[in-house]
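The values are calculated or read from the model by the stated rules, or taken from the named source; none is laboratory data. Remember, it's a predicted structure, so these values are computed and weren't measured experimentally. We place every Cβ from the backbone using ideal geometry, glycine too, and count neighbours over all the protein chains shown. Side chains are part of the model used for accessible areas, which takes the heavy atoms of the whole protein and leaves out ligands, DNA and RNA. Shrake-Rupley method; radii C 1.70, N 1.55, O 1.52, S 1.80 Å.
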Amino acid sequence: MAENADKVWLGTSWKMTKTIGEALAYVETLADRQLPDAVQTFLVPAHTALAAVRGRMPANSPVLLGAQNAHWAAEGAGTGEVSMRMVADAGARLVEIGHSERREHHNETDESVSLKVRAALDAALVPLVCVGEPLAIREAGGDREFVRAQVSAALSRLSPAEVCRVVLAYEPIWAIGERGRPATPEEVAPVIEEIREEVARASGGRGCRAVLYGGSVNLDNAAALLERTGADGLFVGRTAWDVHRFLKLVDIAADHSARRLRGGREERVDRPHAPNTPSGSVAKGL
Ligand code: PGA
């Protein structure tokens, strides 16, 4: 993960959309564009399109490809399942784990999430772990505690050094999908902070990234969610299913990165005797 440490993450899961042909049309449009170095883009197609998308992308493409799910077992009698090794073989370098739709409808639990995180690392995949509270927990004021417990469980099978290889996405359930209400930066920021605290604890104080935000991200709220939540990037559903909107989000992420770098430089000029801090961490308050 180290090479991506200071990048702004911007990615989309296509969920259960896009045939192989539709997926290829999307990546062909992407291939025409030079993507900014400052943004770590990622795409998470359905399993059926993964190998075709991989085959159509240049071998040195900076876009990380991911799978939406994989089983923790290496192989076996798991009808309808695919293993980590199989999604890696199809071209994935990242695997999404614990999305709320899978937690709610497909029996994903904290225990299965932790097994999958372990299996993903063993298969040299980046685990992208989704966490987030239901509305009732938020209304009762229990969001930070709830999410912290999910993060703690997800990381429970890792050594402290391995924790930094995980990407986390805070996705409050009430903010996701057609019936979701977009979260405000003020609602998101304290939970991102809580996740960072838990990651710091589990990693033995290593300054790991990345913590992303997801849930009803759109072209109007993306900049504020980047500027004011402390998140390292965005994980987007519906808005990014159209490649042109995805590219607009990439531009917003690149602008954010440029502002963050400028902010860091200005802060260093203002405070010449401040102790050295890793690039990007000043603006993020890490
Ligand atoms: P949405 O989905 O952007 O369509 O709300 C987000 C997600 O589920 O990651």
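Answer with yes or no whether Arg157 is of a type in the set (Lys, Arg), open to solvent by 10 Å² or more (accessible area, probe 1.4 Å), part of a helix (DSSP H, G or I) and in contact (Cβ under 8 Å) with a residue 24 or more places away in the chain. Can you show your working first?
On the way: of a type in the set (Lys, Arg): yes; open to solvent by 10 Å² or more (accessible area, probe 1.4 Å): yes; part of a helix (DSSP H, G or I): no; in contact (Cβ under 8 Å) with a residue 24 or more places away in the chain: yes.
Answer is no for this residue.
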If the requirement is being more than 17 Å from Arg148 (Cα to Cα) and either open to solvent by less than 10 Å² (accessible area, probe 1.4 Å) or not charged (D, E, K, R) (or both), which of these qualifies: Leu168, Leu219? Leu219
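Would you mind stating whether Asn60 is more than 19 Å from Asp251 (Cβ to Cβ) and within 16 Å of the ligand (Cβ to nearest atom)? Give the steps one after another, and end with the answer.
Values: more than 19 Å from Asp251 (Cβ to Cβ): yes; within 16 Å of the ligand (Cβ to nearest atom): no.
Here the answer is no, as Asn60 does not meet what is asked.
Please work out if Ser152 is more than 10 Å from the ligand (Cβ to nearest atom), open to solvent by 30 Å² or more (accessible area, probe 1.4 Å), part of a loop (DSSP other than H, G, I, E, B) and polar (S, T, N, Q). Talk me through it step by step, then tell me what you get.
On the way: more than 10 Å from the ligand (Cβ to nearest atom): yes; open to solvent by 30 Å² or more (accessible area, probe 1.4 Å): yes; part of a loop (DSSP other than H, G, I, E, B): no; polar (S, T, N, Q): yes.
Answer is no for this residue.
Would you call Thr17 polar (S, T, N, Q), in a helix (DSSP H, G or I) and surrounded by fewer than 19 Cβ atoms within 10 Å (Cβ to Cβ)?
Details: polar (S, T, N, Q): yes; in a helix (DSSP H, G or I): no; surrounded by fewer than 19 Cβ atoms within 10 Å (Cβ to Cβ): yes.
So Thr17 does not fit the description; no.
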When you check Ala38 against the structure, is it of a type in the set (Gly, Ala, Ser) and open to solvent by 60 Å² or more (accessible area, probe 1.4 Å), yes or no? no
Hey, can you tell me all the residues within region 236-260 that are in contact with a Leu (Cβ under 6 Å, 6 or more places away or on another chain) and open to solvent by 20 Å² or more (accessible area, probe 1.4 Å)? Lys248
Can you find, within region 155-182, the residue that is farthest from the ligand (Cβ to nearest atom) among those that are of a type in the set (A, V, I, L, M) and farther than 18 Å from Arg201 by Cα? Ile173
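Condition check ((1) free of Cβ contacts under 8 Å to residues at least 24 places away in the same chain; (2) not aliphatic (A, V, I, L, M)) across all residues:
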residue	(1), (2)
Ala52	no, no
Ala59	yes, no
Gln68	no, yes
Glu96	no, yes
Glu101	no, yes
Ser114	no, yes
Val117	no, no
Val131	no, no
Pro134	no, yes
Members of region 98-115 that are at negative phi and within 16 Å of the ligand (Cβ to nearest atom): His99, Ser100, Glu101, Arg102, Arg103, Glu104, His105, His106, Glu108, Val113
The lone exception for Arg118 - which of (1) more than 16 Å from the ligand (Cβ to nearest atom); (2) in contact with a helix residue (DSSP H, G or I) (Cβ under 8 Å, 6 or more places away or on another chain); (3) open to solvent by less than 60 Å² (accessible area, probe 1.4 Å); (4) modelled with pLDDT of 95 or more it fails: (2)
